[in-house]
Amino acid sequence: MAKEKGVKEIEDLPGIGPTSAQKLRDAGFDTLDKIATALPGALSEATGLSAEAAKKAIDAAKEATTLQFETGAHASERRKGLGRIDTGAKDFNELLGGGVEAQGITEAYGRFAAGKSQLGFELCVNVQKPVGKGGLGGSVLFIDTEGTFRPERIEAIAKAEGLDPKEVLENIFLVRALNTEQQILAIERAEKLIREKNIKLIVVDSITSLFRAEFLGRGMLNERQQKLNSHVDKLKKLAEQHDLAVYITNQVMDNPGMLFGDPTTPIGGNILAHATTTRLYFRKGKEEKRIVKLLDSPDRPEGECVIKITTEGIKG
Ligand SMILES: Nc1ncnc2c1ncn2[C@@H]1O[C@H](COP(=O)(O)OP(=O)(O)OP(=O)(O)O)[C@@H](O)[C@H]1O
Ligand SMILES: [Mg+2]
């Protein structure tokens, strides 16, 4: 959606001041798209505006959100130019078509100690390298929901890459989220930080653990999925709008209904799958070896590679 005629925020609509804008948001009309498709009656009920004023606001929102068409050729050029972050291992990069891509969400799931967090640390370092040299030349927003962020690991990987560990750590903005509310807020308020600090990677490690702990039992499953859904959608929008990469980790649960093959499925199931661009399944091999499987990619064949987790980070 392109924003035209200077209408970028709800407040820019004719007749909508800060108070009406807040009322609209509170009633769920929190984007121009939603207002553009609203009925005048619903809008005036939410804000107390006259039906006529509501219609004017809707028309302006419609104009501001007209669909923009892109040619296939242009889309192809754009995809070729997508930024990529080096994973540290050549085979792994190739499996991903060049590395972890910007403008999308890459999800890693697997059991404990599978290497999901370690990949997050590796990306935190490599994203800071210049474009074309394995990075996106930007900094990191790291949402730690499990208390497993380890600055020592970042330092060790940075040193091995010939970077100044102190400088690398200074470019990582850490949020320790203790509940889902803090986790959701950290993303809802990220926009300013992204602009000011040139954030090019958002890590959420892990995306599901707090949701799983707070929404217990079948009765709460719906609410959990809805919240998770909107959280992941927001992440996806940030990735697209700011040309940044999102990396999320996820645990697995045993799926007793599955009789053959690997009985593990990622938590959040389809909710996460619909928003995730690339899904990776991490499995432990012998010693420091890990097997990474690529699943559900929209443009790459399924495949596997073997990586090693070392003190110096991820290696082939
Ligand atoms: N300094 C290090 N040197 C070498 N290997 C390390 C080092 N630190 C951690 N590892 C390896 O990484 C493993 C932990 O991986 P990681 O923390 O990424 O797991 P995870 O997939 O995030 O698991 P969880 O679901 O528990 O968060 C350890 O078991 C160890 O094998
Ligand atoms: Mg972890």
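The values are calculated or read from the model by the stated rules, or taken from the named source; none is laboratory data. Everything numeric here is computed off the predicted structure, so don't read it as measured data. Because the Cβ atoms are built from the backbone with ideal geometry, glycine has one as well, and the counts that use them run over all protein chains shown.
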* Asked: Pick from region 131-153 the residues that are among the aliphatic types (A, V, I, L, M) and more than 14 Å from ligand 2 (Cβ to nearest atom): which of them is nearest to Q183 (Cα to Cα)?
  -> L141
* Asked: Would you call V175 surrounded by fewer than 22 Cβ atoms within 10 Å (Cβ to Cβ) and of a type in the set (V, I, T)?
  -> yes
* **Residue count, region 73-89 (criterion: more than 14 Å from Q103 (Cα to Cα) and touching a Leu at 6+ places or on another chain (Cβ under 8 Å))** => 1
* To do: Specify the residue that is farthest from ligand 2 (Cβ to nearest atom); the eligible residues are those in region 280-303 that are closer than 18 Å to Q118 by Cβ and in contact (Cβ under 8 Å) with a residue 40 or more places away in the chain.
  => L294
* When you scan region 176-278 for strands (runs of 3 or more DSSP E) that lie fully inside it, which ones turn up with 2 or more residues that are away from ligand 1 (no atom under 16 Å from the Cβ), modelled with pLDDT of 90 or more and within 16 Å of the chain's Cα centre (by Cα)? -> 199-205, 245-250
* Asked: When you scan region 100-130, how many residues do you find that are away from ligand 2 (no atom under 16 Å from the Cβ) and either touching a Phe, Trp or Tyr at 6+ places or on another chain (Cβ under 8 Å) or within 16 Å of V246 (Cβ to Cβ) (or both)?
  -> 8
* To do: Among the numbered conditions (1) out of contact with any Phe, Trp or Tyr (no Cβ under 8 Å at 6 or more places or on another chain); (2) surrounded by 13 or more Cβ atoms within 10 Å (Cβ to Cβ); (3) under 23 Å from L67 (Cα atoms), tell me where I10 comes up short.
  => (1)
* Asked: Which residues, taken from region 55-88, are of a type in the set (A, V, I, L, M, F, W, C), touching a residue at least 60 places away in the same chain (Cβ under 8 Å) and closer than 14 Å to G135 by Cα?
  -> I85
* Structure fact -> The number of residues in region 264-296 that are of a type outside the set (A, V, I, L, M), in contact with a Leu (Cβ under 7 Å, 6 or more places away or on another chain) and within 19 Å of L228 (Cβ to Cβ) is 4
* Asked: Has region 106-126 got any residue that is farther than 18 Å from I307 by Cα, more than 13 Å from ligand 1 (Cβ to nearest atom) and assigned by TED's automatic domain parsing to the domain that holds D254?
  -> no
* From the list A53, A75, A61, which residue is away from ligand 2 (no atom under 16 Å from the Cβ) and closer than 20 Å to K236 by Cα? -> A75
